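**Q** Take this structure, written in structure tokens, and hold onto it; I'll ask about it next.
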Amino acid sequence: MFMCVIKYCSNNLLYPKEDKKRKILLSACRTCSYTEVADSNCGYRNEITHTTERPQILRDAYADPTLPRQKGLKCPVCNHPHVAFFLINPMVSLARMNACCNPSCGYNWRADGQSIA
């Protein structure tokens, strides 16, 4: 069984680097010029892909006590005086969503006025 060992050089992580002339894998520091032959030729690559998803629609915002409420804002569909708000996806954008707290309405719209429902 192979166990992954993370190596450091003066508190800096050593990254895999290829030596094309000698055709070997090295562990190299990105801060200084320190390199050493890697213990294993195995490597791991973590690719993160971002997808564009439709914003989340909250139909039960009225029942969620953790969502903050916006005073002075009314639902544009039913004119209900209680509106909750939340961020669409804080990792991508800080666009704010509003959700009507009327159980029979549940309309969602972006703070910039754009409807998503």
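Bear in mind these aren't lab numbers, they're just calculated from the coordinates by the rules spelled out. Model, not experiment: these values are computed from the prediction. Every residue, glycine as well, gets a Cβ built from its backbone with ideal geometry; the counts of neighbours run over all protein chains shown.
**Q** What does the net charge come to around residue 111 if you take all other residues with beta carbon closer than 15 Å to its beta carbon, with K and R at +1 and D and E at -1?
**A** Values: positive: 69, 71, 74, 96, 110; negative: 112.
Combined, the nearby Lys, Arg, Asp and Glu give +4.
**Q** Please give me the summed charge of the neighbours of residue 98: other residues whose Cβ is under 12 Å from its Cβ, Lys and Arg +1, Asp and Glu -1.
**A** Working: positive: 69, 74, 96, 110; negative: 112.
It works out to a net charge of +3.
**Q** Using Cα pairs closer than 8 Å and at least 6 residues apart in sequence, work out the relative contact order for region 1-40, in percent.
**A** Relative contact order of region 1-40: 29 percent.
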